[in-house]
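One structure below.
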Amino acid sequence: MKIIYHHIKLLRPLNVMTSGLAIIIATAILDELNNHHVLLITTCIVMLYTAASNALNDALDYEVDLINRPERPIPLGYVSIQSALIISFLLFNFGAVLCLQLPDMAIVIGVFISLPLMVTYSTNLKGQYLIGNMVVSFLLGASFLFVGASHEMTSPMLIPMLLAFGLTFLREIIKDVADMEGDLSLGLKTYPIISGIHSSRRVIILSCLLVGFFSLVPYLIGIYGPGYLLLLLIGIEIPLAIIMFIFFKNPSISSAIFSARLLKFSTLMGLLSIYFGTL
């Protein structure tokens, strides 16, 4: 039972379910929840890709995780690297096959852009100065463009895409701060390692200010209604203020991890704010 449990844990079920929930909310923004066929396919694809990417990252990050995440299944010895790679390969392929049932633009995004970028990030770009952060941020934003393309309505997904990009970029820099010890020991070239913790703190604070300001713009120019503003304040503006307060001081590893987790919550709340802002 322990082996089965840890193989499931390898996929990070909470992350997978969160990605599925994000797709459902994005579909609700498009008012396409009644299109059950496309909703089911897009949700399954994103969840499969998320699980596959998690397995691939854990397989390739084995040495880093021995230091930064020793509680993960591979460092603990319950899952082999080979098993993780096979699981990742199968899940990516299942997702790609499902993509073939969608419109051409969705196939391009899902099969010819997102999938190769996920693999390239894990094999070559992770831990590279800002490039890896930008790729992950783009991929999360592209998932909403993928939903729009699947329903042949990309324009309503542009703001969710940009919001997800900004929040994810901020989260990735914060995660790099939390992982500095392990990343440094393996010679990775993340932003905090190359530019230093003080520069990273300034970038994080500036990013909080920029994301906080630009997320207000759709309400200020009348794209979304009061529901957007209310949930935005609760789900994004207040968490960003908390993170700024944390990084004004010297953040500990635990506070950086907390900040990164808080931004996961903010991404979902951002989508919900957009949905209620369109009612």
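The values are calculated or read from the model by the stated rules, or taken from the named source; none is laboratory data. What you see is a predicted model; the values in this text were computed from it and never measured. With ideal geometry, Cβ positions are generated from the backbone for all residues, glycine too; neighbour counts draw on all protein chains shown.
Taking region 90-120, which residues are hydroxyl-bearing (Ser, Thr, Tyr) and either without any contact (Cβ under 8 Å) to a residue 24 or more places away in the chain or within 18 Å of Leu40 (Cβ to Cβ) (or both)?
Thr120
Scan region 174-185 and tell me whether some residue there is in contact with a Leu (Cβ under 9 Å, 6 or more places away or on another chain) and among the basic types (Lys, Arg).
no
Which pairs turn up if I take residues in region 1-16 that are in the same structural domain as Gly77 (by TED's automatic domain parsing) and under 18 Å from Ile81 (Cβ atoms) and look for partners that are outside any helix (DSSP H, G or I) and of a type in the set (Val, Ile, Thr) with beta carbon separation below 9 Å, at least 6 apart in sequence or on another chain?
Ile3/Val79; His6/Val79; His7/Val79; Lys9/Val79; Leu10/Val79
When region 219-258 is examined, which residues are found to be more than 22 Å from the chain's Cα centre (by Cα) and either assigned to a helix (DSSP H, G or I) or hydrophobic (A, V, I, L, M, F, W, C) (or both)?
Correct list: Tyr219, Leu220, Ile221, Ile223, Pro226, Gly227, Leu229, Leu230, Phe245, Phe248.
Could you list, in sequence order, all residues of region 191-202 that are farther than 22 Å from Asn124 by Cβ and either among the aromatic types (Phe, Trp, Tyr) or without any contact (Cβ under 8 Å) to a residue 12 or more places away in the chain (or both)?
Correct list: Gly196, His198, Ser199, Arg202.
Is it the case, given these coordinates, that Ser155 is polar (S, T, N, Q) and surrounded by 22 or more Cβ atoms within 10 Å (Cβ to Cβ)?
No: the conditions fail for Ser155.
Might you check whether a residue that is within 28 Å of Ile4 (Cβ to Cβ) and either out of contact with any Pro (no Cβ under 6 Å at 6 or more places or on another chain) or acidic (Asp, Glu) (or both) occurs anywhere in region 102-115?
yes
When the residues of region 133-152 are filtered to those that are crowded, with 21+ Cβ neighbours inside 10 Å and hydroxyl-bearing (Ser, Thr, Tyr), which remaining residue is farthest from Val177 (Cα to Cα)?
Ser150
Inside region 59-117, can you point out the residues that are under 30 Å from Met180 (Cα atoms), more than 23 Å from the chain's Cα centre (by Cα) and in a loop (DSSP other than H, G, I, E, B)?
Answer for region 59-117, where residues must be under 30 Å from Met180 (Cα atoms), more than 23 Å from the chain's Cα centre (by Cα) and in a loop (DSSP other than H, G, I, E, B): Gly77, Tyr78, Val79, Ser80.
Examine region 167-190 for a residue that is within 13 Å of the chain's Cα centre (by Cα) and free of Cβ contacts under 8 Å to residues at least 24 places away in the same chain, and state whether such a residue exists.
The answer is no; no qualifying residue exists.
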